1. Stretched out fully, how many nm does the piece from residue 71 to residue 13 gain, at 0.36 nm a residue minus the Cα gap?
2. At what distance in nm do the modelled label points of residue 38 and residue 284 sit from each other, each positioned 7 Å from its Cα along Cα→Cβ?
3. For the chain, what is the per residue volume of the convex hull drawn over the alpha-carbon atoms, in cubic angstrom?
4. What ³J(HN,Hα) values, in whole Hz, does the Karplus curve 6.51 cos²θ - 1.76 cosθ + 1.60 give for segment 147-156 when θ = phi - 60°, with x put for Gly and Pro?
5. Would you tally the net charge around residue 188, using a Cβ to Cβ cut-off of less than 13 Å, leaving residue 188 out, and scoring K and R as +1, D and E as -1?
6. Please tell me the relative contact order of segment 111-195 in percent, rounded to the nearest whole number, where contacts are Cα pairs under 8 Å and at least six residues apart.
7. For the chain, what is the mean residue ellipticity at 222 nm derived from helices alone (per DSSP H run of n ≥ 4: -39500 (n - 2.57); sum divided by total residues; nearest 500 deg cm²/dmol)?
8. Can you give the relative contact order of the chain as a percent, counting alpha carbon pairs under 8 Å and 6+ residues apart?
Amino acid sequence: MRRIKDLRPIKFENDTLYAINQLLLPEELKWEELKTYQDVAKAIKDMIIRGAPLIGIVGAYGFAIGIKQLVDERKDFSEAQKILDTLKNTRPTAVNLFWALDRIWNKFEKYLNQNKSPEEIVKLLFKEANRIELEDYHANKSIGGYGQVLLPQKANVLTHCNTGALATSGWGTALGVIRSAYEEGKDITVFVDETRPYLQGARLTAWELVYEEIPHYLITDNSAGFLMAMGKIDAIIVGADRITRNGDVANKIGTYSLSVLAKEHNIPFYVAAPTSTFDLETASGKDIVIEERSEDEVKKCGGCDIAPEETKAINYSFDITPAANISAIITEKGIISHIDEEHITKFLKFRG
Ligand code: MRU
């Protein structure tokens, strides 16, 4: 068994939250201190931190930080709702943010009903945020354990976006499966989509793979189909930002095209995500709000203009992959290989 170096994107020390600034990678590894809930909301919105599970974890810490601000300023809790709303209004698509914030809000209400002191409430909220972070780490290790079994002893695996330690509390979801397979001693080579326009693949996934010494090639997004046609890809594995009741998956823009290509070339297409990514209240992908980001992310690269100023750009951050294009969903509780409403609801009910 190989040994893989640990990597964590956030740390909570002496009541202070620090996060690696993901906008600066791979050139610079800089830890930012997130002092206020407003700092946290800005870090999520501006993608200083990003990745569905991580924005949930950091959102929960942000809520605890906001409540601490109120207590430090000797204010009552009437602004708690505003803190929650500010954090929720940062990014709309990844359900993990809403899941984590609802979870910590419910705890907050419970502690209020139990007449706990403001200081104790703050302490307990930080504890809850920390629990969400640790649970995510264990979930990722478990996803890795279940998922790595699906990969052959020798495999070229294509992945999209960044689903590694930087997108989670550590280890990762889809990249966590790759990491677990490599750790098991499998002969894995990773093909990393650069993932325009934010370049999560080029800047973050490749950086992680260098850090962990896992063999990989960076490819332009539009190379994926040709590599599949040449028989160079054995499996595709991606993460998810939201999985609806019928198994449709919202994930980084470009995922849908990969799934269609995988189907055409008979290549297994796996989605890896913790069960907190399932949104059973949403029936199908067409009901998901897809985040649209600034045109500038498309029209500029590395701070330089790459298109005429007058040109308009479209920048959907995510797309929807229909359940029918997915071979299996890998979770921390096991693998779902019949992807439809009946199997998903049963799986979550009996293993939840
Ligand atoms: O826009 P991002 O970078 O926050 O995108 C989210 C993602 O990292 C992915 O789409 C990912 O596959 C799910 S997170 C493990």
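1. The span from residue 71 to residue 13 would gain 19.0 nm if fully extended.
2. 4.4 nm
3. It is 143 Å³ per residue.
4. Taking θ as phi minus 60°, the curve returns x, 5, 5, 6, 8, x, 4, 10, 8, 9 Hz for segment 147-156.
5. Once positives and negatives cancel, what remains is -2.
6. Contact order relative to length: 31 percent.
7. Rounded to the nearest 500, it is -12000 deg cm²/dmol.
8. Rounded, it is 16 percent for the chain.
The values are calculated or read from the model by the stated rules, or taken from the named source; none is laboratory data. Every value quoted in this text rests on a predicted model; they were computed, and no experiment measured them. We place every Cβ from the backbone using ideal geometry, glycine too, and count neighbours over all the protein chains shown. Please note that ligands, DNA and RNA were not included when accessible areas were found on the heavy atoms of the full protein model with its side chains. Shrake-Rupley method; radii C 1.70, N 1.55, O 1.52, S 1.80 Å.
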